Each structure stands twice: as structure tokens, then as C-alpha cells.
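Before any comments, here is the structure.
The values are calculated or read from the model by the stated rules, or taken from the named source; none is laboratory data. Bear in mind the structure is a predicted one, so any value in this text is a computation, not a measurement. Cβ atoms come from the backbone with ideal geometry, glycine included; neighbour counts cover every protein chain shown.
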Amino acid sequence: MKIALVFIALWTIPVQVPAAGNTGMTADVKHQTKIECKHGFPTVDIITWKKDNDQIAYKSSEESKINPQYELEEGHGTAYLVIREVNEKDAGNYTCAVFVTKGVRRYRTIEVKLEVKDTANMVKLSLTAILFAFLLHAIFL
């Protein structure tokens, strides 16, 4: 009888599985990007996403609350947070947490730092620098 009770008690202990996946990524302004959360579970019951500790998405079998600028996608042991059109305010620390609540309870959290760059401005600055160098070269020759 004691063995059965110990087994049941151990069966319900949540287990955190070590994180796997990205720790940092870069996205371009005005482009779509996907932040990947590789959890490795065949199915999950709850998915949450936070940006700088503010919840931006929550999905379970009963309900779903997602900030309109984001989408959630799932497939093959991975959850994705899709940012439709990246802007500079999207830079920050994102945390994904997935929970398996049926059978052996497990969860995994993954943190990703998103850096945002504006490549259009970088090209403009590069062209301006080239034109300026060409002008200086023409003046002093």
C-alpha cells in the first residue's frame, strides 16, 4: 500500500524539462518574424507568451487570449509566436511557457531576447555616406 501511495505522489509532481532553443535573435522592421519555442512535447495543454514580463498571449483548450499584433502557431513539438509586422517597440525579452497537465505533468520555459534592426535606415545611411565620400573626393581633387 505504501508503494502505491509513493508512486501516485511522484506521478503528480510537475517536472521542469531543461530549456532548449534560441536565446537571442534579430528581426527586421516591417517584416514578419517567428519566435520559436522548442518544447519537444507531442501535445501541450497550455501555452503562454510574455514580453518583458507582460503576458501577450495565452492559449489553452478552454480559452485563448492573444494580443492582436501576434499570432500563435504550433507544430512538431514547437510553439511559435508570430509578430506580423515588427517595429522597434517589439525588441525585448520574450518568455514562452508550455504546460502538459494530463498524465505526467511537465512544463518548459524558454527565453528569447529579440533585437530589432531597421535595415531600410541602414541602407539610407550607407548611401548617404557613399555620396558624401564621393562629394568630398570630387571637391578635393
Inter-residue pairs, beta-carbon under 7 Å, first part of a loop (DSSP other than H, G, I, E, B) and in the stretch 76-89, second among the hydrophobic types (A, V, I, L, M, F, W, C) and surrounded by 14 or more Cβ atoms within 10 Å (Cβ to Cβ), 6+ apart: G77/F41; V86/A27; V86/V29; V86/V116; N87/V29
Confirm whether E71 is part of a strand (DSSP E or B), more than 13 Å from T48 (Cβ to Cβ) and of a type in the set (D, E). yes
Taking into account only those residues within the stretch 70-96 that are surrounded by fewer than 19 Cβ atoms within 10 Å (Cβ to Cβ) and small (G, A, S), which is nearest to K30 (Cα to Cα)? A91
For the stretch 27-54, enumerate the residues that are of a type in the set (S, T, N, Q) and surrounded by 13 or more Cβ atoms within 10 Å (Cβ to Cβ). T33, T48
Tally up the residues in the stretch 3-52 that are outside any loop (DSSP other than H, G, I, E, B), at pLDDT below 50 and not β-branched (V, I, T), please. 7
